[in-house]
Amino acid sequence: MPIQVLPPQLANQIAAGEVVERPASVVKELVENSLDAGATRIDIDIERGGAKLIRIRDNGCGIGKEDLALALARHATSKISTLDDLEAIVSLGFRGEALASISSVSRLTLTSRTAEQSEAWQAYAEGRDQAVTVKPAAHPIGSTLEVLDLFYNTPARRKFMRTEKTEFGHIDEVVRRIALARFDVAINLSHNGKLIRQYRAAKDESQHERRLGSICGPAFLQHALNISWQHGDLTIRGWVADPAGARQLGEMQYCYVNSRMMRDRLINHAIRQAYQDQLKDEQQPAYVLYLEVDPHQVDVNVHPAKHEVRFHQARLVHDFIYQAVTTVLQQVGTAPLPLVDEQDQEPAPAWQPENRVAAGGNHFSQPAPRREVQPAAPAVAREPAPQPAYHAGSGYQKREGELYGKLLQAAPAAEPHQETPKQPLFPPVKIEREHRWRAASTALVGY
C-alpha cells in the first residue's frame, strides 16, 4: 500500500482518539476554552452522563462572525501565533484541536456573540462532514456549545462508555478540579435537568475556604495546613493535610501549575518524600497546591491531555516543593508538650528530617526555628567543625556534655590492683594430646 496523505475527516477522528476519551474530556476542553475567553460564570448542562447532551454556556468575550467557522477547523486557534508563544504558554488551550476533534465524533453547535456585534451567530458541524453552516441567532455576549450524541458515528468508541452514573462521576470530578483552580469563577453543574453543583464566585481570599470546604469536605478543612512559600520565580500556596488527616483523605490530591490542573509524578514524589515515615507505603498525602512557575521554565506540550508538564529545572522545583511542605509539617511537630518540673530545662530543638545523601543537597534547606536561651558560660574557642552538605539532625547538645563531665568527676576512682598473669589460650594438656594424636597419625601412615 503506497504512502498517502490522510483525508481531513479521518485525521480529525484519529486526533479525537487522543483528545476525546470520554464525555468528561469534552467538558474539560470546553470549560477551559471558556476560562481562556475570560468568563466569570459557566453553566454546564449534562444529559444521560454526557452521551446525549453536553452544553457549556459562558459570559466570555465571544467569537466574531468571521472567526466562527474557522473555530471548528483543525489547528486553528487564537492563543498562539509564533514559536516564541509556544515557549511561554499562558493559556489553557493552544493546539487548536479540541473543537475540530469533538465535532468529528458528535453533532456540535456553536453560538456566540461579541460586545462589538449587534446580533449573535451560530455555527453547526456534524460528524465526518466538515462543512460548517453559519446563520444568525439570539444570544447574549458570550458563547454556548452544544455537543449532541457523542460517538454516534463511532460505535466502537461508544460501546466502551460506562454507565450513566460512572460517566457523570468523571464529569463531576473534572468540574471539581476546575472549580478549585478558579475561585473567581461561578460554576453550575446540572444533570438531567437537576442542579447538582453550585460553586459561587469568591470575592476575596477570605471566601476561598468556603469553596474548599464544599469540594473537599469539612474533614479536609479540619486537618488542612495553610502553605505559602516563595523563592525567586517559584511560588507555592495552598493547603496540605497534617499526617493524621492524610491517613484518612489520601485520595484528596489536587495540584495546579500556572492554574492548569496536573497529575505530575515529580510533584507527587516531592510531597510524598516530605511526609517521609509519617505515612505507610500504601497511604498517600492529601493536598490542594498551586505552583506558579515562569512560563519559560515549563513545557506543557508533552502530554496529549495536558495532564503532565516538563520543568526545565526539575530538581530545583522538586527541592522547592519538598522544603515548603516539610516546613509546614515541622510547625505542626513543634507544638508545646507537657514538660517535667525542671524550670531551667532547655527545650529540645525542632525536628528536621534528613535529606537522602543520594539525592544531593537541598537548595532550599533552612535551619529549623530555635527558641532564644540565655548564653552559657564562656568556653575555650575552638575551630568550628565542618558541617555536612545536608542537615543531619539535632546532634550532641552542650548541656548534655557538661552533665556527662560532672558524672565522670563524681565517679569514685578505681582501686589499684596487680595485673594477674595471663593464662594460655589452650591448656597444656590439650597441646600434649594434640602431639600424641599427630604422632599416632604419623605412625599409621608409615605403617
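Please treat every number below as a calculation from the coordinates, not as lab data. Treat the numbers as computed from the prediction; the structure is a model and nothing was measured. Because the Cβ atoms are built from the backbone with ideal geometry, glycine has one as well, and the counts that use them run over all protein chains shown.
Taking other residues whose beta carbon is less than 15 angstrom from the beta carbon of K79, and scoring Lys, Arg as +1 and Asp, Glu as -1, yields -4. Binning the alpha carbon pair distances of the range 218-333 at 5 angstrom intervals from zero yields the distribution 2, 12, 24, 25, 19, 11, 6, 1, 0, expressed in whole percent. Reducing the range 68-93 and the range 113-178 to their Cα centroids gives an inter-centroid distance of 19 Å. Between amide H atoms placed 1.01 Å from N, distances below 5 Å from V257 occur with M262, L291, all of them 5 or more places distant or on a separate chain. Summing charges over all other residues whose Cβ lies under 12 Å from the Cβ of V288, with Lys and Arg as +1 and Asp and Glu as -1, gives +3.
If a spin label sat at a point 7 angstrom from the Cα of R197 along the line to its beta carbon, the backbone N atoms of the range 85-118 nearer than 19 Å would be those of 92-93.
Which loop trypsin sites (Lys or Arg not before Pro) in the range 240-334, with loop taken from DSSP, have no more than 15 other Cβ atoms within 10 angstrom of their Cβ?
Passing sites in the range 240-334 are R263, K280.
In this simple spin-label model, placing a label point 7 Å from the Cα along the Cα-to-Cβ direction at both T166 and Q222 gives a separation of 3.3 nm. A cut-off under 15 angstrom between Cβ atoms defines the neighbours of Q230, and their net charge, with Lys, Arg +1 and Asp, Glu -1, is -3. In terms of the mean number of neighbouring beta-carbon atoms within 10 Å, the peptides 208-218, 98-108 order highest first as 98-108, 208-218. Let me know the shape class of the range 8-201, please: from the alpha-carbon gyration tensor, a ≥ b ≥ c as square roots of the eigenvalues, rounded when a/c is under 1.5, otherwise prolate if a/b is greater than b/c, or oblate. Cα axes put the range 8-201 in the rounded bin.
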